[in-house]
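The values are calculated or read from the model by the stated rules, or taken from the named source; none is laboratory data. Owing to the predicted nature of the structure, the values given are computational and were not obtained by experimental measurement. Virtual Cβ from ideal backbone geometry, glycine too; neighbours counted across all protein chains shown. Ligands, DNA and RNA are stripped out before the accessible areas are found, and what is left, the full protein with its side chains, is counted by its heavy atoms. Shrake-Rupley method; radii C 1.70, N 1.55, O 1.52, S 1.80 Å.
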Amino acid sequence: LLRSAGDELVAVLRDTAGKAAKQECVKSATECEAAGNIESWGVRFESETNTYYVFQGGSWSSGAVDSRRTLKAGLKFKDLVGAADIIFAQLTGLPSPAPFTVKIALTRDESVFTTITIEANGRITKE
């Protein structure tokens, strides 16, 4: 359960960085054209709901949500208070802030967890 959740999150983060690097656009054709199809992408993590969102835009507040995922029952974000965002830069896909770390733990035993780290060079690892 923990392993697959970590693998899934790593895949989502890599995909999101790729969307930023490729300048993919999920907004309407008019909005994309006006923005020159150049957009950053990000992932927002929310501790209360153990949910993360992939969004297009330079910030959560101005972004367009592309997808939403909730951790499976029995899992939670560890050491996350409130919400946290990571933004992947347009064209390069490099993260900000960096390094950025997300931990997923078992709800019944938080000492059992996996750590996903996004480094400044864009490398995403899971331990």
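Tabulated values for the structure
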{"quantity": "J(HN,Hα) series, the stretch 72-83, from Karplus relation 6.51 cos²θ - 1.76 cosθ + 1.60, nearest Hz, glycine and proline x", "calculated": "5, 3, x, 10, 8, 6, 9, 6, 10, 10, x, 9"}
{"quantity": "Inter-site label distance for Thr92 and Leu1 at 7 Å from Cα along Cβ, in nm", "calculated": "4.0 nm"}
{"quantity": "Computed over the stretch 51-90, the ratio Rg/Rh where both radii use C-alpha atoms and Rh is Kirkwood", "calculated": "1.00"}
{"quantity": "Crossing angle, helix 2-22 versus the chain [Cα axis fit, 0-90 degrees, rounded to tens]", "calculated": "10 degrees"}
{"quantity": "Dipole-positive endmost among Ser62, Ala73, Ile86 within the chain (Cβ charges, Cα centre)", "calculated": "Ala73"}
{"quantity": "Nearest-10 value in Å² for the accessible area of Ser67, using the 1.4 Å probe", "calculated": "40 Å²"}
{"quantity": "Total lysine pairs whose alpha carbons fall under 26 Å of each other in the chain (8 or more apart, or interchain)", "calculated": "12"}
{"quantity": "Stretch in the chain that is longest and holds no trypsin sites (Lys or Arg not before Pro) that DSSP places in a loop and that have at most 14 other beta carbons within 10 Å", "calculated": "1-71"}
{"quantity": "Cα coordinate range in the chain, projected on the principal axes (Å, largest first)", "calculated": "49, 27, 22"}
{"quantity": "Cα shape, the stretch 77-127, gyration tensor, a/c 1.5 rule", "calculated": "prolate"}
